[in-house]
1. For region 51-107, run through the chymotrypsin sites (Phe, Trp or Tyr not before Pro) and keep only the ones in DSSP coil with at most 13 other Cβ atoms within 10 Å of their Cβ.
2. Give the long-range amide H neighbours of Ile85: residues separated by 5 or more places, or on another chain, with amide H under 5 Å away, using H modelled in the peptide plane at 1.01 Å from N.
3. Please list, in chain and number order, the residues 5+ apart from Val4 or on another chain whose amide H is under 5 Å from its amide H, with Hs placed from the backbone.
4. Taking the Cα centre of region 7-95 as origin, sum charge times position over the Cβ atoms of Lys and Arg (+1) and Asp and Glu (-1), and report the length of that vector in debye to the nearest 20.
5. How about region 1-108: which GluC sites (Glu not before Pro) there are in a DSSP loop, with at most 14 other Cβ atoms within 10 Å of their Cβ?
6. At 1.4 Å probe size, with every protein chain present, just tell me what the per residue accessible area of the chain comes to in Å².
7. Report, to the nearest 10°, how far helix 41-52 tilts away from the longest principal axis of the Cα atoms in the chain, using its own Cα long axis and a range of 0 to 90°.
8. Determine the share of region 1-99's accessible area contributed by carbon and sulfur atoms, expressed in whole percent, with a 1.4 angstrom probe.
Amino acid sequence: MFIVFEGIDGTGKSTQVNLLADALRAQGREVITSKEPTDGPHGKRLRDSASTGRLLPEEELDLFHRDRKEHVASLIAPALARGAIVILDRYYFSTMAYQGLRGFDPAEIRKANE
């Protein structure tokens, strides 16, 4: 099972991720929680840009795609393959919304991520 909580900053996504994960773990389920952007190298560059200055739109979108590709390959897909439940704080729907505001076609972002 793959569950994603989406929303703007401060809406309680992380709280809900943790509450659901705790409840599922109490039932004996293996649960993996994560977030996007990740703490990996691409995600770190994205997070750092919040305080150092926004990246060019193309560079930002490219980093989101790279971060997600690495995230899926290293964490999400392996966890799902072994039957774990994966719960994320944001996924590509946020990229569609935020990068859509920067001029990219949300439908193209969705297509690239599916």
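The values are calculated or read from the model by the stated rules, or taken from the named source; none is laboratory data. Note that the structure is a prediction, hence the values are computed from the model and not measured. Using ideal geometry, Cβ is built from the backbone for each residue, glycine included, and neighbour counts are taken over all protein chains shown. For the accessible areas, the whole protein counts, side chains as well, though only heavy atoms, and no ligand, DNA or RNA atoms are used. Shrake-Rupley method; radii C 1.70, N 1.55, O 1.52, S 1.80 Å.
1. Those that pass, being in a loop and sparsely packed, number zero.
2. The answer is Glu30, Val31, Ile32.
3. Those lying under 5 Å, H to H, from Val4 are Leu88.
4. 260 debye
5. Those satisfying the criteria are Glu30.
6. On the way: 6700 Å² over 114 residues.
Averaged over the residues of the chain, the accessible area is 59 Å².
7. With rounding to tens, the tilt is 60 degrees.
8. Details: 3120 of 5540 Å².
On region 1-99, the fraction of accessible area on carbon and sulfur atoms equals 56 percent.
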